[in-house]
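**Q** Attaching a single structure in C-alpha cells format; questions to follow.
The values are calculated or read from the model by the stated rules, or taken from the named source; none is laboratory data. This one's a predicted model, so the numbers in the text were calculated from it and none came from an experiment. Cβ: placed from backbone, ideal geometry, glycine included. Neighbour counts: every protein chain shown.
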Amino acid sequence: MPKLIIDNIEVEVPAGTTVLEAAKKVGIVIPHFCYHPALGSVGACRLCAMKFLEGPVKGIQMSCMVPAQDGMVVSTTDDEAAKMRSLVIEWLMTNHPHDCPVCDEGGECLLQDFTVAGGHGIRRYRGKKRTFLNQCLGDYIEHEMNRCIECYRCVRFYQEFAGGSDLGVMGSAARVYFGRFEDGALASPFSGNLVDICPTGVYTDKTARFRARYWDYDMAPSVCPHCSLGCNTIPAARYRELLKTMARRNDAVNGWFICDRGRFSNSPVNDPERPRHPMIEGREAGWDEAFDALLFRIGELCELHGEGSLAVVGSGRLALEGSALLPQLAGLLGAGFLCYFTDDGAGDRTATAVSLLNTDNAASMADVRASDCIAIVDCDLLEEGPMMLLAVRQAWRNGAPVLLVGEHSPLEQAKAASIEAVQISFLEEAPLGLFENPVVICGTKNSSPAAIEKLARAEARVACLLPGPNAFGAALLAREHGGTSLAAAVATGKVKGIVAVEADIPVELLEGVALVAAFDWLPTEVVKKADIVLPTTAWTEMDGTFVNNEGRAQRFRKVMTPGLPIKGLPERYHASADKPAPFHPPRVHRKEPPGGDLRPAWRVIMDLIERLGGEKTEEPLSGKLEALRDLDPEGEGVRIWEIDG
Amino acid sequence: MEQVLFRHNKPGRPVTFAEYQAEGGFAALKKGLKELSPLEVQQAVIDSGLRGRGGAGFPTGKKWSFVPRDLPGPRYLICNCDEMEPGTYKDRVLLEANPYSLVEGMILAGYAIGCEHAFIFIRRGYETAAMNLRRAIGEAREAGFLGRNILGSGFSMELDLHVSAGRYICGEETALMNALEGKRANPRSKPPFPAVKGLWGRPTVVNNVETLANVPSIITNGPAWFKGLAGIPEAAGMKLFCISGHVRNTVCVELPLGMTLGEIIDGPCGGMLQGKKFKACIPGGASTPFFTAEHWGVPMDFDAVAKAGSRLGTGGIVVFPENTCMVAATLNLTTFFARESCGWCTPCREGLPYVREILTRIEAGGGETEDVEILREHVKYLNYAFCALAPGAMGPVEGLLRLFEDEIREHVVKKRCPFKN
C-alpha cells in the first residue's frame, strides 16, 4: 500500500488509488467535475490540480490522473495549484449563465460549491456567453444546455456505463453539445441518473421542476420498493408531496445509480385516491370504530361459517415488520389460512428460489458486476429488476459473456443496455464451469419452480428476481409459519373472509367472500371492494425493513409526515369556503395534517393484536429478527443468514 | 545541393513507379528485408539521428524501440498525414510529387517494428496526394512489396489509406488513433503511450510523412551519410521547409538542417518582397513562438531553435513584413486554435476563446492594461491542458508578450491598432 504525504498529512491508500481520492480520505476535498468514482478519471476538466513536490512526478498535476505512489509529497494549497483551480472555474464561468435563482439545481449544485471552493469570485471575461437551443428529452428530464460545463459525465454514464445510444456529444471546441440527435424521449431505462450525475443544472428532474430547493426537502435514507433488488434511495418530499427520488450509494447493492422506474414512480404516494381514513362500508370512521367493526364482523363470520373461514393475506410489498406480525394476528383471529402470496405460482416460485439461496451462493448486484460469465434464465430484467441489467452490463464491459437462456429471456433487455448477448435454449448449454465467477440470474415471473430448482445444480452463484421488495422476507415467514397461497386457500372453498394487508388480490378471488378487510395505502381494487378499510402509510412515511432478492435486510427511514399534499388540497380542508387557498397550508389548527391519520401496517396489526388480548409492543421485530432492529439505514444492510447465529 | 526526398521529383507531374524504381527506388526495401534484421533496420534509424518531422522532433528510432517485440498479437504503424498546421504544406508537396518514398519507408518501418497492418491517415483536402498514394499502394502490392511474404522475407504487411474528415486535433497522435477507430477525435491520456497501448489497444507507432519517407535513404546510404547531410554537426539529415508570407519566392524546399533563418530567406526564397522589410516570422508552423530580425542567424535545427525560444516544429515558416500588426497576426492564429480545440478539456475549450476575446478587444482598441496580465496567466496555465494543442496555441501569444509587449501596450494606450489608419 503506497504511503504519501498530502499537505503534511501522511496517508496510506490501496495501490491504484488516485491522489485525489487519497486526499479525500484525509478530509481534503479538492474540487473536481469530470472525475466520478463510478465513471473513473479522464482528466478533462483540469480542476483537481495539485502541486507534486517530491516523488516520481513533479509539478502541477491533475490529481485524478495520478495514482498514489510511495514517496509522493503533495501540496493542495500551493499558490500555483490554487491559481490553476481558480482559473479553471473562471474559464467555466465565462459561459455558465448566472441563472442560479431560477435553476432547479441551485442549492444542490456541485458547480456552485466548487466555484466558491475554487476561489474565483470576480468576473474578468468581457465577451459574450455562448448559447444553445435546448432539447425536449421526454417527460422526465429537463435539458438546459447553456449551463453545461462540459465535464462529459453525462455521455460517459449514458453510453459507457449504461449502454445508451441516443444521447451523445456533438460539435467541437466551445460548441460542444450534449444531447440527442433530435428532440425526443431518452430511451435508456437509466436515463434519470443524468439528473444525479450532472454537476450542474443541465439535466434536472422535470417531474419536480420549480417545486423546492434542496434545503426545503424532507429527506431520509430509504429503499426502493418498486422491485425486489432493494436499491438505496433518497426520496425528497415537501409539503407532504413526494417530489423526487435520488439514488443513494450502496456498493453492495445498487452502486451509485437507480433505474428510472425507481426514480420516477413517486406519484402513488401523492395519489388523491389514496385511502386517508378508516372506512366502514364506504363511510369514513374513526380508528376505534373501524377496529370494533372489523372484530365484530370477523366474529360474525366465524359464527356463520365456522372457525378457520378467515384468510389473513400479506404480500411481497408489505414491509418485514408487518409481515412478521401476521402469524400472531392470524392466530388470534382464528384464521384458517395465513397467506403471504396471492397466486399459487408466484408463491411456489418465490419459495423455491428462497430455499435455494444461502449465504454462499446468493449473488448480490455487486457480485454480478464482478462476475465473469452471466446467464439470464427465463427473465426480462427490464421488467423484474432493471438495475440488475445495469449490473450485468458492468460485467459485460469487463469481458463477461452474457447468455440469455430460454424463451422468456427477450433479447430486447440486452439491447436496452447495448449488451451483446447470446441466446441459448437450456441452461445446460452454458459453459459455466469454464469460468471462475459465473452468476445465473433467474426470474420468478415466467419461470417454473422446477427450472428454479435446477439452478442449485448449476456451477454458479444465483440471483433470483422476486415479486416485491420484501418477497424474500415474506417467503421466509411463509416457510416458517406454514403459509399457503391465497389462491390455494380459496380453492378449498373454505375462505369466507379475507384480511388483506397491503396485498394485491385479483377480483376473481374475492367473489363469494363475505367479508373483505383491506389495510393498505394504495387505492387498489381490494380497497375499493373492501367492507372495511384501514389506511396505512406508504414506505416513505414510516420506518421499516425490506429483505431484498439476495436476502439482504435493509432499513428505510421515515421521509415525510403523512398527509394530503398541500398542493391541490381538497376544499373541505380550506380555512373557509370563500377563502380557498389551495397552495398554502390551511390556517386551521389540527392535531395532525389533513389526511394524515394513517398508521404503518405493522402498527395497525399491533393495535388489533392488542385488542385481541395479545401483548402490545413497540418492537414488531422479535425472535430471530430482533437483530434487525438496530440496522443502520446508511450501512450496506445485513444478509439474513448472518443474523441466524 | 543534394536532394533526398525531392531527388525523384519530376517537373509538373508525379514520378512514376517505373521511374522511381529505375532511380534506385525500392532498393532500400530489398536491402532491408533481405540483408538486415528488423533490429538492424531500427538501429540504422537510431544511428542516423533522424528526428520526427511532424513537429515534436522525437528521435524516430527510439520511438520504434519502445514497441514491445515479444508481445503476441498485432502491432500497428500509422503515418500521420493530417498536416493541418497553418503555414505547413511540405507533406502535400512531397506526396504530390512522390508517394513511393513514403510507401517504401512505411514497409521498412513496419518491418522494423513487426507490424502487419499499417495505415496512412490523410486529411480530406489532400485529394491529389491521396490519389497518388492509392496508386502507389496498388503498384507496390502488385510488385510484391506489400501483402504476404514480401520479397520472400517471410515478412507480411498490409497498408491502407484512410481519408479522414480532418481536424487539427487529428494531428495529435492519440486523437488520430481515436479518429481511426471511428470515435471522436479527442486525445487520450498518456501514459499509456501509443507504443505500449495505441490503436485498438495495441502497440502502435505514429510517424510523420516526411519522417517515414527519409527511412529508405538511410537504409540505402547508411546512418553516417544521413547524419552528414546536415549543415551543422549537431543536426542530422535534410528537412523540408515550406516558406510563405512576404518573401519573393514562397517555396517548399529540401535543405540541410542547420541552415540559418537568414540563409533560407535570402537563399531559396530570394529575399523579401520588393520594398518589404523583415519584421518577424513563425519559424515552424502556427504553434511556434515568433522569431524576429535578431534571430536571423539562428541555425534552423531542433535544438538551436529551441534554445532561441521557439520550436523548429514542422518547418513551416511564415514571414511578416514591417507593417504587420503582431496583435492581429496572433489573433488570427488564436482564432484558428480556438476553433480547432476538440472541446475535451477546460483550459483549451474555454481558455482559447478567452484569449481570442482579449486579443480581439485589444486589436479593436478596447484593451486594458490588466489584459496583458491575463494573457500572461493563460500562457502559463494553458500548459496544464490535456494535450499539446493549447500549449502550442499559446506559442505565438508567448512570443507576442515576450517580443512585442510594447506593441500591445501601444494598442491599449492609443485605444486603436497603430497599424491601421
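**Q** When the residues of segment B:159-211 are narrowed to those that are among the acidic types (Asp, Glu) and surrounded by fewer than 16 Cβ atoms within 10 Å (Cβ to Cβ), which ends up nearest to the other protein chains (Cβ to nearest Cβ)? Give the derivation first.
**A** Of segment B:159-211, the ones among the acidic types (Asp, Glu) are B:160, B:172-173, B:181, B:210.
Add one more test, that the residue is surrounded by fewer than 16 Cβ atoms within 10 Å (Cβ to Cβ), and what stays is B:160, B:181.
Details: B:ASP160: 26, B:GLU181: 15 Å.
Taking the candidates together, the pick is B:GLU181.
**Q** Right, here's the next one. Restrict the check to segment A:439-449 and report whether at least one residue is under 24 Å from the mean Cα position of the chain (by Cα), under 25 Å from A:GLY163 (Cα atoms), of a type in the set (Ser, Thr, Tyr) and not assigned by TED's automatic domain parsing to the domain that holds A:GLN159.
**A** Scanning segment A:439-449 turns up no residue that is under 24 Å from the mean Cα position of the chain (by Cα), under 25 Å from A:GLY163 (Cα atoms), of a type in the set (Ser, Thr, Tyr) and not assigned by TED's automatic domain parsing to the domain that holds A:GLN159.
**Q** Let me ask something additional. Can you find a residue that is within 14 Å of chain A (Cβ to nearest Cβ), in a loop (DSSP other than H, G, I, E, B) and more than 21 Å from B:ARG402 (Cβ to Cβ) anywhere in segment B:265-287?
**A** Of segment B:265-287, the ones within 14 Å of chain A (Cβ to nearest Cβ) are none.
So far as segment B:265-287 goes, no, none of its residues is within 14 Å of chain A (Cβ to nearest Cβ), in a loop (DSSP other than H, G, I, E, B) and more than 21 Å from B:ARG402 (Cβ to Cβ).
**Q** Anything in segment A:337-354 that is touching a strand residue (DSSP E or B) at 6+ places or on another chain (Cβ under 7 Å), surrounded by 22 or more Cβ atoms within 10 Å (Cβ to Cβ) and not hydrophobic (A, V, I, L, M, F, W, C)? List them, or say none.
**A** Residues satisfying the conditions are A:THR342, A:GLY347, A:THR350.
**Q** Right, next: Could you check segment A:113-162 and list, in sequence order, the residues that are more than 29 Å from A:THR77 (Cα to Cα), touching a residue at least 24 places away in the same chain (Cβ under 8 Å) and of a type in the set (Lys, Arg)?
**A** Listed by number, the residues that qualify are A:LYS129, A:ARG130, A:ARG156.
**Q** Just give me the residues in segment B:356-402 being touching a Leu at 6+ places or on another chain (Cβ under 7 Å), more than 22 Å from B:GLY285 (Cα to Cα) and within 12 Å of chain A (Cβ to nearest Cβ), in sequence order.
**A** Hits for segment B:356-402 are B:ILE358, B:GLU377.
**Q** Still on this model: Testing A:TRP91 on (1) out of contact with any helix residue (DSSP H, G or I) (no Cβ under 7 Å at 6 or more places or on another chain); (2) free of Cβ contacts under 8 Å to residues at least 12 places away in the same chain, one condition comes back false. Which one is that?
**A** If we test A:TRP91 against (1) out of contact with any helix residue (DSSP H, G or I) (no Cβ under 7 Å at 6 or more places or on another chain); (2) free of Cβ contacts under 8 Å to residues at least 12 places away in the same chain, just (1) comes out false.
**Q** Further question on the same structure: Of all the residues that make up segment A:114-149, how many are over 28 Å from the mean Cα position of the chain (by Cα) and in a loop (DSSP other than H, G, I, E, B)?
**A** Of the residues in that region, 17 qualify.
**Q** Are any residues in segment A:261-308 surrounded by 22 or more Cβ atoms within 10 Å (Cβ to Cβ) and assigned to a loop (DSSP other than H, G, I, E, B), and if so, which ones?
**A** Residues satisfying the conditions are A:PRO275, A:PRO278.
**Q** Can you work out which of the residues in segment A:129-162 that are surrounded by fewer than 17 Cβ atoms within 10 Å (Cβ to Cβ) and closer than 21 Å to B:ALA390 by Cα is nearest to the other protein chains (Cβ to nearest Cβ)?
**A** Ranking the candidates gives A:ARG130 first.
**Q** Restricting to segment B:344-383, what's the tally of residues that are touching a residue at least 40 places away in the same chain (Cβ under 8 Å) and within 28 Å of the chain's Cα centre (by Cα)?
**A** 6
**Q** What strands (runs of 3 or more DSSP E) lie completely within segment A:1-87 and have 2 or more residues being more than 13 Å from chain B (Cβ to nearest Cβ) and touching a Pro at 6+ places or on another chain (Cβ under 7 Å)?
**A** Details: elements: A:3-6, A:9-12, A:49-54, A:59-62, A:73-75.
Here the list is empty.
**Q** Inside segment A:477-507, can you point out the residues that are crowded, with 24+ Cβ neighbours inside 10 Å, among the aliphatic types (A, V, I, L, M) and out of contact with any Phe, Trp or Tyr (no Cβ under 8 Å at 6 or more places or on another chain)?
**A** Of everything in segment A:477-507, those that are crowded, with 24+ Cβ neighbours inside 10 Å, among the aliphatic types (A, V, I, L, M) and out of contact with any Phe, Trp or Tyr (no Cβ under 8 Å at 6 or more places or on another chain) turn out to be A:ILE498, A:ALA503, A:ILE505.
**Q** Here is a follow-up. In this structure, is B:THR314 hydroxyl-bearing (Ser, Thr, Tyr), away from chain A (no Cβ under 14 Å), under 20 Å from B:MET84 (Cα atoms) and in a helix (DSSP H, G or I)? Can you show your working first?
**A** On the way: hydroxyl-bearing (Ser, Thr, Tyr): yes; away from chain A (no Cβ under 14 Å): yes; under 20 Å from B:MET84 (Cα atoms): yes; in a helix (DSSP H, G or I): no.
No, not satisfied.
**Q** Step by step: first the residues of segment A:417-448, then only those that are surrounded by 22 or more Cβ atoms within 10 Å (Cβ to Cβ) and among the small types (Gly, Ala, Ser), then the one that is farthest from A:ASN361 (Cα to Cα). Which residue is that?
**A** Restricting to residues being surrounded by 22 or more Cβ atoms within 10 Å (Cβ to Cβ) and among the small types (Gly, Ala, Ser), the top hit is A:ALA417.
**Q** So which residues in segment B:36-57 are at pLDDT below 95 and surrounded by fewer than 23 Cβ atoms within 10 Å (Cβ to Cβ), if there are any at all?
**A** Passing the criteria: B:ALA56, B:GLY57.
**Q** With the checklist (1) touching a Phe, Trp or Tyr at 6+ places or on another chain (Cβ under 9 Å); (2) under 18 Å from A:ASN266 (Cβ atoms) in hand, flag the one item A:HIS226 doesn't pass.
**A** Condition (1) is where A:HIS226 drops out.
**Q** Pick from segment B:5-20 the residues that are under 11 Å from B:TYR100 (Cα atoms) and without any contact (Cβ under 8 Å) to a residue 60 or more places away in the chain: which of them is surrounded by the fewest Cβ atoms within 10 Å (Cβ to Cβ)?
**A** The residue in question is B:ALA18.
**Q** List every residue pair whose Cβ atoms sit under 9 Å apart, with the two residues 6 or more apart in sequence or on different chains, where the first one lies in segment A:608-632 and is over 17 Å from A:ALA319 (Cβ atoms) and the second, anywhere, is surrounded by fewer than 11 Cβ atoms within 10 Å (Cβ to Cβ).
**A** A:GLU610/A:LYS616
**Q** Another question about this same structure. Hey, can you tell me all the residues within segment A:163-206 that are free of Cβ contacts under 8 Å to residues at least 24 places away in the same chain and within 14 Å of chain B (Cβ to nearest Cβ)?
**A** Across segment A:163-206, the qualifying residues are A:GLY168, A:VAL169, A:MET170, A:GLY171, A:SER172, A:ALA173.
**Q** Inside segment A:523-554, can you point out the residues that are under 17 Å from A:ARG599 (Cα atoms), touching a helix residue (DSSP H, G or I) at 6+ places or on another chain (Cβ under 6 Å) and part of a loop (DSSP other than H, G, I, E, B)?
**A** Correct list: A:ALA538 only.
**Q** Turning to a different aspect of this structure: Every residue in segment B:311-326 that is touching a helix residue (DSSP H, G or I) at 6+ places or on another chain (Cβ under 9 Å) and surrounded by fewer than 24 Cβ atoms within 10 Å (Cβ to Cβ), please.
**A** B:ARG311, B:PHE320, B:CYS325, B:MET326
**Q** Also, quick follow-up: Looking at A:HIS98 and the list (1) away from chain B (no Cβ under 11 Å); (2) touching a residue at least 24 places away in the same chain (Cβ under 8 Å), which single condition is not satisfied?
**A** (2)
**Q** If A:GLY331 satisfies all but one of (1) under 27 Å from A:ARG263 (Cβ atoms); (2) part of a helix (DSSP H, G or I); (3) without any contact (Cβ under 8 Å) to a residue 60 or more places away in the chain, what's the number of the condition it fails?
**A** (1)
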